[in-house]
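Structure record follows, encoded as structure tokens.
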Amino acid sequence: MFIDSNKLKRQYAAKGRFYQIGYQNGKNALCRSCLDIFSRNLDIDNQSPDAFIIMQNPGDSVSLEAIDNSFDGPIYRRTHPRLDQLIRQTPITMAKPDKTQYQVMRLMHHYGWNYARVLNLGDLRDTVSDSFIKKFLIINDRYLSIFSGVRNTELFNLIHTIDSKPTVVAWGVDRRLKSLAIQALGALPDHICGLSGDHEHLFYHPLPRKNEGPRKWLERFISEITYS
């Protein structure tokens, strides 16, 4: 069940859209809008995902290919009048998996999914949940969330088959995420599945910080949730 990461890397690959938003203060926000994880023997062109996974933010995800001489992706000015279109048209590049993505791969292996699409409440890349939440709230930019309404065309393109596919929600149980969670739930189907936390709209993340947390999360998810 808890497959070693080296074996997972041989079986699955990942691609994502990495980009940056340049703000007037001279700082760039490092972002990723979506991630596709798929079996290495599968050609995903013109294929739709077998499942959708909605989590908090891209975490430690990095691109393996440079665009405009940057592995962080192209820089888009925040003031650009068609920022949503620029983000939507960002080229997809091969990506290096992180520990959270290995958890997704373990789910894929168990349920027989060959192709999963990962979206997030917010696009900011940050390895620490608390840091992500603080930055997201400070920047307060709707363009940093695909669920905010200003990127509806992109969202539709990415999830137009979601109504008939398994949808896992696992964005964490920090109460500061509640407004983002409610926003996302408004765009997701009723058949979502996740491990509920103590507060409404919040679901345990696949990579809890406690020892043995990832293994226990996986075991509990598989024992409680079945797909036909």
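Each value in this text was obtained by applying a stated rule to the coordinates, not by laboratory testing. Keep in mind it's a predicted model, so treat the numbers as computed, not measured. Backbone-built Cβ (ideal geometry, glycine too); neighbour counts: all protein chains shown.
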Taking the chain as a Gaussian network, where each spring joins two C-alpha atoms under 10 Å apart, which residue of Gly16, Gly194, Gly213 fluctuates the most? Gly213
To the nearest 10 degrees, the tilt of helix 213-224 (Cα long axis) against the first principal axis of the alpha carbons of the chain is 60
Which of Phe147, Phe136, Phe156 moves the most in a Gaussian network model of the chain with Cα springs under 10 Å? Phe156
Backbone N within region 80-111 under 20 Å of label point (7 Å from Ser131 Cα along the Cβ vector): 96-102
Contact order relative to length of region 1-153, as percent, for alpha carbon pairs under 8 angstrom and 6 or more apart: 32
Between 0 and 90°, nearest 10: helix 99-111 axis offset from the chain longest Cα axis: 50
Nearest 5 is fine: what % of DSSP beta bridges in the chain come out antiparallel, could you say? 65
Convex hull (Cα only) mean projected area of the chain, reported in nm² to one decimal: 12.2
Take the chain, connect every pair of alpha-carbon atoms lying under 10 Å apart with a spring to form a Gaussian network, then pick out the residue of Ser63, Ser164, Ser33 with the largest mean-square fluctuation. Ser164
Can you tell me the orientation of helix 129-139 relative to the chain, as the angle in degrees between its alpha-carbon axis and the longest Cα principal axis, to the nearest 10? 30
Sorted from fewest to most neighbouring beta carbons within 10 Å, what does the list Arg117, Arg176 look like? Arg176, Arg117
Rounded to the nearest 500, what is the chain's calculated 222 nm mean residue ellipticity when only DSSP H runs of at least 4 contribute -39500 (n - 2.57) each, over all residues? -8000 deg cm²/dmol
Along the Cα→Cβ direction, 7 angstrom out, place labels at Met1 and Ser179. What is the inter-label distance in nm? 3.9
